Amino acid sequence: MNLFWRVLAVAAGVFAVAADPAAGTTFTLAGAADTVAVSPGGSVTLDFVLRDVSPPFNAFDIIARFDPALLTNTPLSPLSAQRGVLMTSACLTNSPFHLFTPAPDSLTCTLVILCSGVSVTGPGTLYRVRFTAAATNAWTTVSFGPSTMFYIGGPVVDTLVTKPIVVKIGSPLLDAGSPRLPAGPELDPVVPNPGRGSRRLPVSFRLPRAATAELALLDVLGRRVTLAARAPFTAGPQHVSLDLPRLSPGRYTLVLRTDAGETSTRPWVVLR
């Protein structure tokens with residue numbers, strides 16, 4: 001899908017955008033509210049927003065994940081109503097390219113500004129989705145997958161911080177089924193493992209509390225081969241994308257380290 005819209009971007013002259021990706025700037029992708037409430041069996045509309053000023057971008061892929069036992073996507077009608085004002089107001093001469101791919105447990109939301117030389121920055125609303133809640137009292141979340149990315153002709157995300165949206169259905173018990181926070185930082189398994197020559201590695205992890213953290217990839221001798229700059233993260237699940245140099249085949253270790261000195265590691269194998 002990314003290749004498809006990149007071809008569209010070339011045809012529309014989107015690569016004419018000349019902007020500094022502002023290395024070190026953070027994208028903070030979240031909901032308009034951290035927690036939303038909905039009645040059992042009712043519907044709720046969620047806005048996906050950039051909370052802060054961001055580097056310029058002209059396209060994004062947002063992967064939203066949810067529990068299909070508790071939430072069912074019900075697309076807005078017309079589907080164009082799902083497009084956020086940050087993208088639709090960027091260019092008056094054309095509508096953005098829009099691709100929406102729902103699955104039972106996830107949504108892929110793609111928007112591309114098709115006007116040459118036009119980009120936008122946060123804060124602002126990117127996308128809107130609607131869910132129907134299960135007929136039960138429960139806590140659940142809508143989170144953002146590791147393939148969520150922002151582009152300006154090519155990837156420009158330096159650090160992507162995501163905040164899950166907590167959905168309160170009815171009147172659940174205060175601590176029953178609420179999103180689990182780990183005792184310490186937890187890295188999820190590296191996927192794919194083994195890997196083959198990719199220049200970007202999606203990484204997901206969870207934090208027990210808000211913290212500044214960094215990610216590093218070490219070779220078999222413990223030498224650092226790449227590093228994601230230290231950045232602030234909120235408590236809960238997080239998703240980032242780690243830029244990779246050309247890696248030799250072998251065994252590597254992904255390390256998550258917080259400013260409190262807590263660490264979590266995962267092994268990773270790179271094949272030819």
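Per-peptide packing, taken as the mean over residues of other Cβ atoms within 10 Å, places 108-119, 236-247, 68-79 in the sequence 108-119, 236-247, 68-79 from highest down.
Could you work out the local net charge near Pro78, counting Lys and Arg as +1, Asp and Glu as -1, over the other residues with Cβ closer than 13 Å to its Cβ?
Working: positive: Arg83, Arg128, Arg130; negative: none.
Once positives and negatives cancel, what remains is +3.
Each listed q (0.14, 0.17, 0.18 Å⁻¹) maps to a log10 I(q)/I(0) for segment 68-171, found by the Debye formula over equal Cα scatterers with no solvent: -0.65, -0.91, -1.00. Rg over Rh for segment 199-272 works out to 0.97, using Cα positions for both radii and the Kirkwood form for Rh.
Of the residues Gln238, Gly195, Ala228, the one whose Cα sits farthest towards the positive end of the charge dipole of segment 186-271 is Gly195 (charges of +1 on Lys and Arg Cβ, -1 on Asp and Glu Cβ, taken about the Cα centre). Scanning residues 5 or more positions from Thr226 or on other chains, those with amide H under 5 Å from its amide H are Leu217, with H placed 1.01 Å from N in the peptide plane.
The modelled label-to-label distance between Thr35 and Glu186, using points 7 Å beyond Cα along the C-beta direction, is 2.1 nm. Residues of segment 239-254 with backbone nitrogen within less than 14 Å of a virtual label 7 Å along the Cα-to-Cβ line of Asn193, please, listed as ranges. Counting only backbone N, you get 251-254.
Each reported figure results from applying straightforward, stated rules to the coordinates on display, with no laboratory input. Since we're looking at a predicted model, the values are computed, not measured. All Cβ positions, even for glycine, are placed from backbone atoms using ideal geometry, and neighbour counts span all protein chains on display.
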